[in-house]
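S.K.: Below is the structure I would like to discuss, written out as structure tokens.
The values are calculated or read from the model by the stated rules, or taken from the named source; none is laboratory data. Predicted, not measured: the structure shown is a model, and the values here were computed from it. Cβ: placed from backbone, ideal geometry, glycine included. Neighbour counts: every protein chain shown. Accessible surface is based on the protein model in full, side chains and every heavy atom, while ligands, DNA and RNA are left aside. Shrake-Rupley method; radii C 1.70, N 1.55, O 1.52, S 1.80 Å.
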Amino acid sequence: MKMRFVWSGFCLALLLLPGACSKSTSSDKLPPMQVEGVNVDIPQLSAAFTTAPPELQSRVSTGTTKVRYKQYLESMADLDGVLNSPGLNDKQKALLTQVIGQLKEVVNKTPPAH
């Protein structure tokens, strides 16, 4: 019985070890969202704003939600408004610029509605 407990603890420690040794942040590992065949870094953008003021979090959330409803131009406008807000750090500005550029690519690939 005691050996089984020790073995279980050892296995648990091995499972947790890789996460503890990682130097990169977890938001850097988030896979991009596929939109019309384009990789859009929505998960990274959302993760970058988890510590932002509630108003900015809400505006980013609104912009990213519009992507899910294929409202790409409205999403770009919302995110551009956030980009022009004071108090953003360099990573947030870079991700906003990157995602807006990716959404422009999505708009160019999206066939016009009939």
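S.K.: Return the total of residues in region 60-88 being surrounded by fewer than 18 Cβ atoms within 10 Å (Cβ to Cβ) and of a type in the set (D, E, K, R).
M.R.: 4
S.K.: Determine which member of the set 103, 88 is among the aliphatic types (A, V, I, L, M) and within 18 Å of residue 34 (Cα to Cα).
M.R.: Checking each option against the conditions leaves just 103.
S.K.: Within the set of pairs 6+ apart or on separate chains, which have a first residue in region 27-45 that is polar (S, T, N, Q), a second that is open to solvent by less than 40 Å² (accessible area, probe 1.4 Å) and modelled with pLDDT under 95, and C-beta atoms under 8 Å apart?
M.R.: Here the result reads 44/27, each pair linking region 27-45 to a residue that is open to solvent by less than 40 Å² (accessible area, probe 1.4 Å) and modelled with pLDDT under 95.
S.K.: Would you check which residues across region 59-114 are assigned to a helix (DSSP H, G or I) and of a type in the set (Gly, Ala, Ser) and list them?
M.R.: Those that are assigned to a helix (DSSP H, G or I) and of a type in the set (Gly, Ala, Ser): 61, 63, 75, 77, 81, 94, 101.
S.K.: Taking into account only those residues within region 35-59 that are polar (S, T, N, Q) and modelled with pLDDT of 95 or more, which is most open to solvent (accessible area, probe 1.4 Å)?
M.R.: Keep residues of region 35-59 that are polar (S, T, N, Q), which gives 39, 44, 46, 50-51, 57-58.
In the following step, the residues that additionally are modelled with pLDDT of 95 or more were identified as 39, 44, 46, 50, 57-58.
Working: 39: 77, 44: 36, 46: 49, 50: 95, 57: 69, 58: 64 Å².
Applying the filter and picking the extreme gives 50.
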